[in-house]
Amino acid sequence: MKPKVFITREIPAPVLAFLREHTELTLNPDDRVLSAAEVIAGARGCEALLCNITDPVGAEIMDALPGLRVIANFGVGFNNIDVAAATARKIPVTNTPGVLTEATADIAFALLLASARRLGEGERLVRSRAWTGWNPMQMLGADVTGATLGLIGFGRIGQAMAKRARAFDLTVIYWNRTRLSPAEEQALQVTYRPFDDVVAAADFLSLHVAYNKDTHHLIGEKHFAAMKPTAIVINTARGPVLDEKALVRALSAKRIGGAGLDVFEREPVLEPELYTLPNAVVVPHLGSATIGTRTKMGMLAAKNLLAVCAGQRPPNCVNPQIYG
Ligand code: 8YV
């Protein structure tokens, strides 16, 4: 018997075809975010729920779906899921690490370049037909080559960012909860520095930590005050890692140079000023948005849920303690 699976949003066709072959699949027919009640109604009788960042999955959903055996998140971050509640109910939660590393680092680096070289402003100027011609003093940006990139969080995506930085002759300093070995640091050409030193020394400060209660507003008012007045902050991690109101104050007062943001505290809504502040480049959570990456994410989520349904331990379980 094929396991019953509910998937909350449309994902790339090859993944849906694979799931249709191996499971009894129900797909949210409307491509929109479902309420908890709608998720419960859609997933009734299902063993697996394939969800994503816009689906908060809490105890209410778990308790209403007694047959639920696995929650497979489409994404590496899983802060949309109440993992403690799942663990208490012995439900494995899975994620999709690894396959989105390069795409997310690409967006982080794209935001770095776009913010440094004022691409958003330039695009708006040209499209508004207000460009009156070349001017030696027009839209002068920040040099990237030779600058210092500070990385807060140095897991897969942070390391992929460091790799890109080498091609631009950036000096890379990092802070991470766990320091790498000297051999690893040497291989990656990075230097470990305490958190506050990284914040103060960076020309570009890029955030690559997972979001949890320890990283809520990890970067706030006092950090913006400690940054170089020309520093640019890049966030492709999770919105609430950064205090968005404090960021807006720092950007408005030109206490820092700029920001490149892929993620926001209350997606899809931004702090009102961010819609107009010229020194912010804002894009709609595109980190993993390539066809290849989203397909790989879907396949990994599918493999995780199929493993659980077959009575095996899934390859990417975020609460392995349930297996004792
Ligand atoms: C996803 C992400 O697009 O994987 C993550 O953690 O932020 C993005 O790559 C999103 O989470 C989909 O659920």
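Between ASP196 and ALA59, residue separation times 0.36 nm minus the direct Cα-Cα distance comes to 45.6 nm. For region 101-282, the pair-distance distribution built from all alpha carbon pairs, in bins 5 Å wide starting at 0, is 1, 8, 18, 22, 21, 15, 8, 4, 2, 1, 0 percent.
Taken per residue, the accessible surface of the chain reaches 48 Å², heavy atoms only and a 1.4 Å probe. Counting lysine pairs in the chain whose alpha carbons fall under 18 angstrom apart, excluding pairs fewer than 8 residues apart on the same chain, gives 6.
Across region 269-324, Cα-Cα pairs more than 17 Å apart make up 60 percent of the total. Over the residues of the chain, the helix contribution to mean residue ellipticity at 222 nm works out to -10500 deg cm²/dmol, using -39500 (n - 2.57) for each DSSP H run of at least 4.
Principal-axis analysis of the Cα atoms of the chain puts helix 13-22 at an angle of about 20° to the longest axis.
Size descriptor for the chain, Kirkwood hydrodynamic radius: 21.1 Å (Cα pairs only, one decimal). For ARG179 and GLU10, the difference between the fully extended length at 0.36 nm per residue and the C-alpha to C-alpha distance is 56.9 nm. Remark: C-alpha extents of region 197-324 on the principal axes read 57, 32, 23 Å, sorted largest to smallest. Here region 101-282 exposes an accessible surface that is 55 percent carbon and sulfur, computed with a 1.4 Å probe and the other protein chains kept in place. The simple Förster model, with R0 at 22 Å and r as the Cβ-Cβ distance, assigns ALA225 and GLU273 a FRET efficiency of 0.75.
Could you give the dipole magnitude of the chain about its Cα centre, charging the beta-carbon of Lys and Arg +1 and that of Asp and Glu -1, in debye to the nearest 20? The dipole magnitude comes to about 320 debye.
The values are calculated or read from the model by the stated rules, or taken from the named source; none is laboratory data. Given the structure is predicted, the values throughout are model-derived calculations rather than measurements. Cβ: placed from backbone, ideal geometry, glycine included. Neighbour counts: every protein chain shown. The accessibility values were calculated without ligands, DNA or RNA, using every heavy atom of the protein model including side chains. Shrake-Rupley method; radii C 1.70, N 1.55, O 1.52, S 1.80 Å.
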